[in-house]
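Participant: Quick one: the structure is below, and I'll ask about it shortly.
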Amino acid sequence: MRAQFVLSEIGVGLRRNLTMTFAVIVSVALSLGLFGASLLMSDQVDTMKGYWYDKVNVSIFFCNKNDTSGANCAKGAATEQQKAEIKADLERLPIVQKPVLHESSDQAYKHYKEQFGDTPVAGLVTPDQLPESFRVKLKDPTKYEVIKSAFSERPGVQEVQDQRDTVEPLFNLLDGMRIAALCVMGLMLVVALLLIVNTVRVSAFSRRRETGIMRLVGASSFYIQMPFIMEAAIAGLIGAAFACVLIVGGKYALINNWLAEKIKVVDFIGWDAVVSVLPLILLIGLVMPAFAAFFALRKYLKV
Amino acid sequence: MIRFDNVSKTYPKQNRPALRDVSLEIERGEFVFLVGSSGSGKSTFLRLLLREECASHGAVHVLGKDLAKLSNWKVPQMRRQLGTVFQDFRLLPNKTVGQNVAFALEVIGKPRGQIRKTVPEVLELVGLGGKEDRMPGELSGGEQQRVAIARAFVNRPMLLIADEPTGNLDPQTSVGIMKLLDRINRTGTTVVMATHDQQIVDQMRKRVMELEKGRLVRDQSRGVYGYQH
């Protein structure tokens, strides 16, 4: 195998099908870019889940003397005895991570002030409007139902609230976006593969004279097919390189420069996660078009 | 060198076989003309020799190998021992004469030093010495066919297969090509040539095999063209 000969053949082939090569590069770049983005998005969801699930609690709110809307609150505010019983029962449950935190109305008011400090709403609330609560941290955040069924009917308990309910829609949204990205990627991938097959077909047709002569003088099928496969692989690799640029640029522009400044409470994925998907993208960009070309050649190039 | 044992070939979706029960033997160093009208099976015969097709029935032996038993990946090795020349020359128009001949060596992975040495030699042999850098388009038909012959012969094949090599050439040029093929034959290379050229066949007085509707109807040493068309 003479490398120089093969390389010159590849160069000729790529230039001859410049428009098709360009189309292959663009579609590979887009599909792999989306693929990388969806990988990173699921990384992001995992990071956020870890971050939030660590912080969120199940809250057991007690009846308050001003608020008797809960089903178990007909008898007014929860008594100290009720609270003590519930605390003891909570601490007996194996899924509960000790200690169980108590948040008094004053503390709740303080947190409330922190969150809504400057807004007009803050002025309308007084400490005794906010219910007392236990903040329970679960060893397995998904076991929320156990707590809910055990305590929501107890006298003095106004409501059992899982704070995951408030972050879950966000995760669902991100998951949905990831799946949408994967679907678009799948379509782009099909487009890319069909383009490669078509490029190979055109390329094989425009070079049928050469390949016919190669066959006659006894070139091995490997030698005849190699330039076509390499062409597809090189176009794919260029596309994958563009996909990498898209991903790195996207991370820089979207996360570092924009989201990270707007949303401080979220822990965003770092460069290490981004760098770890790049080799995979380059590999797929190299191998997949080569395989597509190989299978196309079986159909369009007699050897 | 070549042996056909009761060879038949039927192409898919065709009722009439292209070759019917053909048996023959060609010895090393022979020069054989293959004649017959269009559709008589000449091309099929040559395609079987090159293993572009496999026989439907019977066995084809070329260079001592049963082609039916030859696995696909060994076919290129087999073809390197054959040379082929066609009516339409089949040169690469964007390569020079020298590059065209070198191409045959490049694609089978011969070292560059050997290519540089062999190409001028074989061009000299076919009478194109010094025309290495010309483009095929600048040459006459006869010269282009000489390039094709040089390319076919550059590997020193045991067997040269020629499919109407003089079909596009005027009689005078054809004589030159035949002289060249005769010279190649004298070096020990077996030549099988399909042709419609009565004058040439009658002049050369070599072995003549005639096909008619897929059957071998005549096999005559020092034969003549022998049929009207």
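The values are calculated or read from the model by the stated rules, or taken from the named source; none is laboratory data. Bear in mind the structure is a predicted one, so any value in this text is a computation, not a measurement. Neighbour counts run over all protein chains shown; Cβ positions are idealised from the backbone, glycine included.
Participant: In the stretch B:40-55, which residues are outside any helix (DSSP H, G or I), touching a residue at least 24 places away in the same chain (Cβ under 8 Å) and either under 24 Å from B:HIS196 (Cβ atoms) or within 14 Å of another protein chain (Cβ to nearest Cβ) (or both)?
Facilitator: B:SER40, B:GLY41, B:LEU50, B:ARG51, B:GLU53
Participant: Out of the residues in the stretch A:129-153 that are in contact with a helix residue (DSSP H, G or I) (Cβ under 6 Å, 6 or more places away or on another chain) and farther than 21 Å from A:LYS49 by Cα, which is modelled with the highest pLDDT?
Facilitator: Filtering the stretch A:129-153 for residues that are in contact with a helix residue (DSSP H, G or I) (Cβ under 6 Å, 6 or more places away or on another chain) and farther than 21 Å from A:LYS49 by Cα, the one modelled with the highest pLDDT comes out as A:GLU132.
Participant: For the stretch A:8-19, state whether one or more residues are assigned to a loop (DSSP other than H, G, I, E, B), under 17 Å from A:ILE147 (Cα atoms) and in contact (Cβ under 8 Å) with a residue 60 or more places away in the chain.
Facilitator: Within the stretch A:8-19, not a single residue is assigned to a loop (DSSP other than H, G, I, E, B), under 17 Å from A:ILE147 (Cα atoms) and in contact (Cβ under 8 Å) with a residue 60 or more places away in the chain.
Participant: Still on this model: Being within 20 Å of the chain's Cα centre (by Cα), more than 30 Å from A:LEU194 (Cα to Cα) and away from chain B (no Cβ under 14 Å) narrows it down to one residue among A:MET48, A:MET41; which is it?
Facilitator: None of the others qualify; the one that does is A:MET48.
Participant: Out of everything in the stretch A:201-223 that is of a type in the set (Gly, Ala, Ser) and assigned to a helix (DSSP H, G or I), what residue ends up being surrounded by the most Cβ atoms within 10 Å (Cβ to Cβ)?
Facilitator: A:SER203
Participant: Same structure again: Which of the numbered conditions does A:PHE35 fail, given that it passes all the others? Conditions: (1) more than 20 Å from A:ALA181 (Cβ to Cβ); (2) buried (at least 18 other Cβ atoms within 10 Å of the Cβ); (3) in contact with a helix residue (DSSP H, G or I) (Cβ under 8 Å, 6 or more places away or on another chain).
Facilitator: If we test A:PHE35 against (1) more than 20 Å from A:ALA181 (Cβ to Cβ); (2) buried (at least 18 other Cβ atoms within 10 Å of the Cβ); (3) in contact with a helix residue (DSSP H, G or I) (Cβ under 8 Å, 6 or more places away or on another chain), just (1) comes out false.
Participant: Ok, one more. Suppose the filter is on the phi > 0 side of the Ramachandran plot and away from chain A (no Cβ under 11 Å); does B:GLY188 pass it?
Facilitator: Yes.
Participant: Something else about it: Among the residues of the stretch A:71-104, what is the count of those that are among the small types (Gly, Ala, Ser), farther than 18 Å from A:ALA150 by Cβ and modelled with pLDDT of 80 or more?
Facilitator: 1
Participant: Identify the residue in the stretch A:218-234 that is within 11 Å of chain B (Cβ to nearest Cβ) and in contact with a helix residue (DSSP H, G or I) (Cβ under 8 Å, 6 or more places away or on another chain) and, among all such residues, is nearest to A:VAL6 (Cα to Cα).
Facilitator: Filtering first and then ranking leaves A:PRO227.
Participant: Of the residues A:LEU237, A:LEU254, only one is assigned to a helix (DSSP H, G or I), more than 14 Å from every other protein chain (Cβ to nearest Cβ), surrounded by fewer than 18 Cβ atoms within 10 Å (Cβ to Cβ) and of a type in the set (A, V, I, L, M); which?
Facilitator: Step by step, each of A:LEU237, A:LEU254 is checked, and only A:LEU254 is assigned to a helix (DSSP H, G or I), more than 14 Å from every other protein chain (Cβ to nearest Cβ), surrounded by fewer than 18 Cβ atoms within 10 Å (Cβ to Cβ) and of a type in the set (A, V, I, L, M).
Participant: Can you tell me which residues in the stretch A:278-303 are surrounded by fewer than 20 Cβ atoms within 10 Å (Cβ to Cβ) and either at pLDDT below 90 or among the β-branched types (Val, Ile, Thr) (or both)?
Facilitator: Selection gives A:ILE284, A:VAL287, A:ARG298, A:LYS299, A:TYR300, A:LYS302, A:VAL303.
Participant: Within 11 Å of chain A (Cβ to nearest Cβ) and of a type in the set (Val, Ile, Thr): does that describe B:VAL126?
Facilitator: Spelling it out, it is not the case that B:VAL126 is within 11 Å of chain A (Cβ to nearest Cβ) and of a type in the set (Val, Ile, Thr).
Participant: Same structure again: Look at A:PHE242 and say whether it is of a type in the set (Phe, Trp, Tyr) and modelled with pLDDT under 90.
Facilitator: It is false that A:PHE242 is of a type in the set (Phe, Trp, Tyr) and modelled with pLDDT under 90.
Conditions tested, residue by residue: (1) more than 8 Å from chain A (Cβ to nearest Cβ); (2) closer than 21 Å to B:ALA148 by Cα.
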site	(1), (2)
B:HIS57	yes, no
B:LEU67	yes, no
B:ARG90	no, yes
B:GLN99	yes, yes
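Participant: Hey, A:ILE196 hits all of (1) within 29 Å of A:GLU80 (Cβ to Cβ); (2) in contact with a Gly (Cβ under 9 Å, 6 or more places away or on another chain) but one; which does it fall short on?
Facilitator: For A:ILE196, the failing item is (1).
Participant: Could you go through the stretch B:31-38 and let me know if any residue there is surrounded by 20 or more Cβ atoms within 10 Å (Cβ to Cβ), assigned to a loop (DSSP other than H, G, I, E, B) and more than 12 Å from chain A (Cβ to nearest Cβ).
Facilitator: Yes - at least one qualifying residue is present in the stretch B:31-38.
Participant: What helices (runs of 4 or more DSSP H) completely inside the stretch B:61-169 contain at least 1 residues that are surrounded by 15 or more Cβ atoms within 10 Å (Cβ to Cβ) and among the hydroxyl-bearing types (Ser, Thr, Tyr)?
Facilitator: Because the criterion is at least 1 residues that are surrounded by 15 or more Cβ atoms within 10 Å (Cβ to Cβ) and among the hydroxyl-bearing types (Ser, Thr, Tyr), the helices (runs of 4 or more DSSP H) in the stretch B:61-169 that meet it are B:112-125.
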